[in-house]
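Encoded as structure tokens, the structure appears first; notes follow it.
The values are calculated or read from the model by the stated rules, or taken from the named source; none is laboratory data. For clarity, every value in this text was computed on a predicted model and none was experimentally measured. Cβ placement follows ideal geometry from the backbone for every residue including glycine, while neighbour counts extend to all protein chains displayed.
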Amino acid sequence: MKNGFQTLIRPVSAQGKPVAQCCAKTSTAVAGCHD
Amino acid sequence: MIASRHNIFGKLSHSERWYLVNLLSRQADILDGETAGAYQRGVWGDNPVWAEKGYLVDPRDEAQRYKSAYLDFLDRRENDEIQLFFVPTYACNFACSYCYQAAYDQSQTYPSSAVLEAWFSYVDQHFAGKRKYLTLFGGEPLLNSAGQREFIEAFLKSADQRQLETAVVTNGYTLVDYVPLLSRYRIREIQVTLDGLAAVHNRRRPLKGGGSSFERIVEGISLALQSGIAINLRMVLDRDNLGELPQVASLAIEKGWTTHPLFKTQLGRNYELHTCQAQAGALYSRVELYEDLARLIPDAPQILDFHRPAFSLSKFLWEQGELPAPLYDSCPGTKTEWAFDASGKIFSCTATVGKAGEELGTFYPAVTLKQDQIDDWEERDVTSIPECQDCSLALACGGGCASVAKNQTGRVHSPDCRPIRELLSLGLDLYFPETPKTKDEETHVDEYSRI
């Protein structure tokens, strides 16, 4: 907490990429997007 | 300076913490009680963070950024991959208790070669130069008759000639029989549904005329993965089977599916799309489903190895450490999705395909387009829906599903509102706990605490 705020945005490295990335599987929307 | 009209503010569901999220400035914070109180009272004091993070804005400057982000959104979508669904038949070998297509014409025919040629010709002409992939949908596209197998092979060959991938949405019953054929072509993924372990699944998704489908589906999933075909396992949830989720998760773990790189999952909600269901009392609202999921997960943490529910933006924030781009439109219909059936009709999406009165044209026997109606669909986004204009949730919700909205109001340009605030309350509490319980959570909290 800093000044009452705890950011949920992770810092970006000098290369412009997030410091930590989760290994999320990419998701293909196959049907069901209407909910 | 005033509070941004895109601020999304709320309290975490089970702690004295608050959240503030803004998709236009791409900021998200947990607030302590004192800071949340100041926000609610509109007392900004001399804390520069409000303005630095775009929670406090010059409205003219924000209006400019809103327009600029909208143009970026349109640019991105213009270059998005398009998903083209084809329904060879509405016939099905299952009698699912919640089928929304039960009243559709289920005669067991398969498309003629003339229809197939006309469809690929339409795809070639109308989606030339676009990134795209195809999806076989139903009914059940993988019925195991000789004619249907012949059609599926002809379809996959035509896709292959164009170097296009095909996904398949199937109930999974004949997957064991089809894997040898499918593994010879470019298959993006196979979506299969399991609604529980054998007893519950078979009660909800029996064969027509009765009979078990569970064991064959499980066998088909394992065989597909062994054969290098991606599986997207869907579970359709309501109050009747949510309790099965921990067991299905355990089954997927035991079978080695969850550690397979080609395995992914989705949780669907059972809901009334076009018609009422007999067991309406078992249906969840969106909030109710996620409330019960949030309650279930601490007692059955294996669920998270099987599937991490999105809880609106919560999972994305937890996984990516940033917010996604503002969502000016969450409905892909006629923009990045179209659906077609064997009668030669064109529809906006999988929700409308096959529903009488929703046709937007034909690709066979001749190409005809209801351009006024297509324009109506294509122009729908949060900038065109009156109810979205003053909604702070608009850039997280995207206006929802056009088909559901039209069913409710009779207008395409009306909203299907998503309970963003409630989902963030539940999801941020789950993924960003005050006291981390798992190693994953500890790692994340450690990363954030360094900021």
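Which ones in segment B:126-176 are under 19 Å from B:LEU223 (Cα atoms) and of a type in the set (Lys, Arg)?
Across segment B:126-176, the qualifying residue is only B:ARG149.
Only one residue in B:THR174, B:THR193 is of a type in the set (Ser, Thr, Tyr) and touching a strand residue (DSSP E or B) at 6+ places or on another chain (Cβ under 8 Å), so which one is that? Give the steps one after another, and end with the answer.
Details: B:THR174 fails: touching a strand residue (DSSP E or B) at 6+ places or on another chain (Cβ under 8 Å).
Answer to the check: B:THR193.
Does B:GLY220 meet the test of being touching a Gly at 6+ places or on another chain (Cβ under 8 Å), of a type outside the set (S, T, N, Q), outside any loop (DSSP other than H, G, I, E, B) and within 27 Å of B:VAL404 (Cα to Cα)? Don't jump to the end; show me each part of the working.
Values: touching a Gly at 6+ places or on another chain (Cβ under 8 Å): yes; of a type outside the set (S, T, N, Q): yes; outside any loop (DSSP other than H, G, I, E, B): yes; within 27 Å of B:VAL404 (Cα to Cα): no.
The answer is no for B:GLY220.
Among the residues of segment B:345-363, is any under 20 Å from B:TYR90 (Cβ atoms) and out of contact with any strand residue (DSSP E or B) (no Cβ under 9 Å at 6 or more places or on another chain)?
yes
On the basis of being within 10 Å of chain A (Cβ to nearest Cβ) and over 30 Å from B:VAL236 (Cα atoms), does B:ALA38 make the cut?
Values: within 10 Å of chain A (Cβ to nearest Cβ): yes; over 30 Å from B:VAL236 (Cα atoms): yes.
Answer is yes for this residue.
Determine the pairs where a residue that is modelled with pLDDT under 95, located within segment B:126-148, has a partner that is aromatic (Phe, Trp, Tyr) and in a helix (DSSP H, G or I) with Cβ atoms under 9 Å apart, the partner being 6 or more residues away or on another chain.
Hits for this filter: B:ASN144/B:TYR178.
List the pairs whose first member sits in segment B:280-309 and is surrounded by fewer than 18 Cβ atoms within 10 Å (Cβ to Cβ), whose second member is among the β-branched types (Val, Ile, Thr) and not in a helix (DSSP H, G or I), and whose Cβ atoms are under 6 Å apart, counting only residues at least 6 apart or on separate chains?
Close Cβ pairs satisfying both conditions: B:ASP305/B:THR258.
Has segment B:92-101 got at least one residue that is touching a helix residue (DSSP H, G or I) at 6+ places or on another chain (Cβ under 6 Å), in a loop (DSSP other than H, G, I, E, B) and more than 16 Å from B:ASP160 (Cα to Cα)? I'd like the intermediate steps shown before the answer.
Step one: list which residues in segment B:92-101 are touching a helix residue (DSSP H, G or I) at 6+ places or on another chain (Cβ under 6 Å), which gives B:97.
Filter once more, keeping what is in a loop (DSSP other than H, G, I, E, B): B:97.
If we keep only those that are more than 16 Å from B:ASP160 (Cα to Cα) as well, we get B:97.
Yes - at least one qualifying residue is present in segment B:92-101.
Tell me which residues, restricted to segment B:312-334, are among the small types (Gly, Ala, Ser) and within 18 Å of the chain's Cα centre (by Cα). So that I can check it myself, show each step before the final result.
Filtering segment B:312-334 down to residues among the small types (Gly, Ala, Ser) leaves B:312, B:314, B:321, B:325, B:330, B:333.
Once the filter is applied, which keeps residues that are among the small types (Gly, Ala, Ser) and within 18 Å of the chain's Cα centre (by Cα), segment B:312-334 yields B:SER312, B:SER314, B:ALA325, B:SER330, B:GLY333.
Hey, can you tell me all the residues within segment B:357-391 that are touching a Gly at 6+ places or on another chain (Cβ under 8 Å), assigned to a loop (DSSP other than H, G, I, E, B) and closer than 30 Å to B:GLU117 by Cβ? Before the answer, list the steps.
Keep residues of segment B:357-391 that are touching a Gly at 6+ places or on another chain (Cβ under 8 Å), which gives B:362-365, B:367-370, B:374, B:377, B:380-382, B:385, B:388.
Then keep just the ones that are assigned to a loop (DSSP other than H, G, I, E, B); that gives B:363-365, B:367, B:370, B:380-382, B:385.
Residues satisfying the conditions are B:PHE363, B:TYR364, B:PRO365, B:VAL367, B:LYS370.
Collect the residues in segment B:238-267 that are buried (at least 16 other Cβ atoms within 10 Å of the Cβ) and within 11 Å of chain A (Cβ to nearest Cβ), keeping them in residue-number order. Before you say what the answer is, go through the steps one by one.
Narrowing segment B:238-267 to residues buried (at least 16 other Cβ atoms within 10 Å of the Cβ): B:238, B:240-242, B:244-246, B:248-252, B:257-258, B:260, B:262-267.
Within segment B:238-267, B:THR258, B:HIS260, B:LEU262, B:PHE263, B:LYS264, B:THR265, B:GLN266, B:LEU267 qualify.
Can B:ASP124 be described as acidic (Asp, Glu), over 19 Å from B:SER348 (Cα atoms) and away from chain A (no Cβ under 14 Å)? Explain how you work it out, then say what you get.
Details: acidic (Asp, Glu): yes; over 19 Å from B:SER348 (Cα atoms): no; away from chain A (no Cβ under 14 Å): yes.
For B:ASP124, the condition - acidic (Asp, Glu), over 19 Å from B:SER348 (Cα atoms) and away from chain A (no Cβ under 14 Å) - is not met.
Within the group B:ALA128, B:ALA159, B:ALA154, B:ALA167, which residue is over 17 Å from B:TRP338 (Cβ atoms), out of contact with any Phe, Trp or Tyr (no Cβ under 6 Å at 6 or more places or on another chain) and not aromatic (Phe, Trp, Tyr)?
Numbers: B:ALA128 fails: over 17 Å from B:TRP338 (Cβ atoms); B:ALA159 fails: over 17 Å from B:TRP338 (Cβ atoms); B:ALA167 fails: over 17 Å from B:TRP338 (Cβ atoms).
From the options B:ALA128, B:ALA159, B:ALA154, B:ALA167, the qualifying one is B:ALA154.
If B:PHE316 satisfies all but one of (1) surrounded by fewer than 17 Cβ atoms within 10 Å (Cβ to Cβ); (2) farther than 26 Å from B:LEU197 by Cβ, what's the number of the condition it fails?
The failed condition is (1).
Working only within segment B:329-357, note down all residues that are surrounded by fewer than 20 Cβ atoms within 10 Å (Cβ to Cβ) and either within 13 Å of B:SER403 (Cα to Cα) or of a type in the set (A, V, I, L, M) (or both).
Those that are surrounded by fewer than 20 Cβ atoms within 10 Å (Cβ to Cβ) and either within 13 Å of B:SER403 (Cα to Cα) or of a type in the set (A, V, I, L, M) (or both): B:SER330, B:LYS355, B:ALA356, B:GLY357.
Which members of segment B:288-305 meet the condition of being under 22 Å from the mean Cα position of the chain (by Cα) and under 12 Å from B:LEU430 (Cα atoms)?
Within segment B:288-305, B:TYR290, B:GLU291, B:LEU293, B:ALA294, B:LEU296, B:ILE297, B:LEU304 qualify.
Residue under question is B:GLY196, and the condition is that it be on the phi > 0 side of the Ramachandran plot, within 14 Å of chain A (Cβ to nearest Cβ) and part of a loop (DSSP other than H, G, I, E, B); does it hold?
Spelling it out, it is not the case that B:GLY196 is on the phi > 0 side of the Ramachandran plot, within 14 Å of chain A (Cβ to nearest Cβ) and part of a loop (DSSP other than H, G, I, E, B).
Name the one entry in B:ARG149, B:ARG131, B:ARG188 that is charged (D, E, K, R), surrounded by fewer than 18 Cβ atoms within 10 Å (Cβ to Cβ) and more than 21 Å from B:TYR90 (Cβ to Cβ).
On the way: B:ARG149 fails: more than 21 Å from B:TYR90 (Cβ to Cβ); B:ARG188 fails: surrounded by fewer than 18 Cβ atoms within 10 Å (Cβ to Cβ).
So the residue among B:ARG149, B:ARG131, B:ARG188 that is charged (D, E, K, R), surrounded by fewer than 18 Cβ atoms within 10 Å (Cβ to Cβ) and more than 21 Å from B:TYR90 (Cβ to Cβ) is B:ARG131.
Tell me, yes or no, whether segment B:372-387 has at least one residue that is in contact with a strand residue (DSSP E or B) (Cβ under 6 Å, 6 or more places away or on another chain) and either farther than 24 Å from B:LYS67 by Cα or at pLDDT below 95 (or both).
no
Residue check, B:LEU142 against (1) within 30 Å of B:GLY209 (Cβ to Cβ); (2) surrounded by fewer than 20 Cβ atoms within 10 Å (Cβ to Cβ); (3) in contact with a Leu (Cβ under 8 Å, 6 or more places away or on another chain), all met but one. Which one?
(2)
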